[in-house]
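> I have a structure here, written as structure tokens, and I will follow up with some questions on it.
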């Protein structure tokens with residue numbers, strides 16, 4: 001599983017990254033987590049606002065910080 005957190009480094013982006021790492025650890029999932037901060041790379045995904053969560057190249061959330069519980073629900077599907 002390839003997980004990307006899109007964001008320019010703001011507080012909310014860092015919070016989403018921490019929540020993703022915690023959810024992955026709690027579910028004991030083997031995943032590559034990448035932080036994408038370059039605005040050009042973020043624009044490729046068509047994301048209007050950050051932070052955004054991309055799993056296996058699909059944008060699943062943008063513009064809000066998902067909770068650990070919400071992320072775990074997404075990852076469990």
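> Please go through region 50-63 and pick out each residue that is exposed (fewer than 11 other Cβ atoms within 10 Å of the Cβ) and part of a loop (DSSP other than H, G, I, E, B). Write out each step before concluding.
In the first step, residues of region 50-63 are kept if they are exposed (fewer than 11 other Cβ atoms within 10 Å of the Cβ); the result is 56-58.
Within region 50-63, 56, 57 meet the criteria.
> Among residues belonging to region 30-47 that are in contact with a helix residue (DSSP H, G or I) (Cβ under 9 Å, 6 or more places away or on another chain) and not in a loop (DSSP other than H, G, I, E, B), point out the one that is surrounded by the fewest Cβ atoms within 10 Å (Cβ to Cβ).
Step by step, filter region 30-47, then rank; the result is 33.
> Yes or no: region 64-72 includes at least one residue that is surrounded by fewer than 18 Cβ atoms within 10 Å (Cβ to Cβ), outside any loop (DSSP other than H, G, I, E, B) and modelled with pLDDT under 95.
No, every residue in region 64-72 fails to be surrounded by fewer than 18 Cβ atoms within 10 Å (Cβ to Cβ), outside any loop (DSSP other than H, G, I, E, B) and modelled with pLDDT under 95.
> Before we move on, is residue 23 in contact (Cβ under 8 Å) with a residue 24 or more places away in the chain, under 23 Å from residue 77 (Cα atoms), assigned to a helix (DSSP H, G or I) and within 12 Å of the chain's Cα centre (by Cα)?
yes
> Let me ask something additional. Looking only at region 49-77, which residues are free of Cβ contacts under 8 Å to residues at least 12 places away in the same chain and either in contact with a strand residue (DSSP E or B) (Cβ under 9 Å, 6 or more places away or on another chain) or within 17 Å of residue 30 (Cβ to Cβ) (or both)?
Those that are free of Cβ contacts under 8 Å to residues at least 12 places away in the same chain and either in contact with a strand residue (DSSP E or B) (Cβ under 9 Å, 6 or more places away or on another chain) or within 17 Å of residue 30 (Cβ to Cβ) (or both): 70, 77.
> Something else now. Which of the residues belonging to region 26-48 are closer than 15 Å to residue 1 by Cα and in contact (Cβ under 8 Å) with a residue 24 or more places away in the chain?
27, 29, 30, 31, 32, 33, 34, 35
The values are calculated or read from the model by the stated rules, or taken from the named source; none is laboratory data. As the structure is a computational prediction, the values presented were derived from the model and not from experiment. No Cβ is skipped: glycine too gets one built from the backbone with ideal geometry, and neighbour counts run over all protein chains shown.
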